[in-house]
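Here the structure is laid out as structure tokens; the discussion comes afterwards.
We did not get these values from a lab; they are worked out from the coordinates using the rules stated. Note that the structure is predicted; figures quoted are calculated from it, not measured.
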């Protein structure tokens, strides 16, 4: 003979008690962000500064004296291309072959998205310059200052972009 399980009615008092215990549990099990490794007491993140950046933005462990990291982010851009190819009736595959063989004229193109494929921290200036010269061999004769100006998005660049965006927003509001 099977036992029937009967759901108990939960009183309002019991429901409040359960909710209180659950809230207490979740509050005590939140994982704080550790700003400085090696400290025994974790600290919560500092608020953003008036210019919109977290103190120590772009630095390791928030210390402005430490060297900043350069992160290489590799992406793939996706486009939708259309082609119109004239073929004999019933020979649809010939149109596909023409496109695959790069013999078709492009009818239209639409940019769809950019997808991040990978990212990693570069070991330093030497690796940056080596990769720059490999990827842009026609610019290998340029000086290193120019290579950094062209290929590195610095904190100053990001602050200028943010300032420009704020100006554009202010103009739209007026």
For this session: Please express the Cα-Cα pair-distance distribution P(r) of segment 123-174 as a list of whole percents, one per 10 Å bin, running from 0 to the bin with the greatest distance.
Result: 22, 35, 21, 15, 6
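Normalised by the residues of segment 71-121, what does the relative contact order come to in percent, with Cα pairs under 8 Å and at least six apart?
Working: 69 pairs, mean separation 32.1, N = 51.
Computed value for segment 71-121: 63 percent relative contact order.
Taking Rh as the Kirkwood radius computed over C-alpha pairs, what is the Stokes-Einstein D of segment 71-121 at 20 °C in a medium of viscosity 1.002 mPa s, expressed in µm² per second? Spell out each step's value before the answer.
Values: Rh = 13.4 Å.
Answer, rounded: 160 µm²/s.
Would you please report the Å³ per residue occupied by the convex hull of the alpha carbon atoms in segment 87-174? List each step's numbers first, then the result.
Numbers: hull volume 20.8 nm³, N = 88.
So the per-residue Cα hull volume is 236 Å³.
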For this session: Normalising by the residue count of segment 65-174, find the relative contact order in percent from Cα pairs under 8 Å and 6+ residues apart.
Result: 29
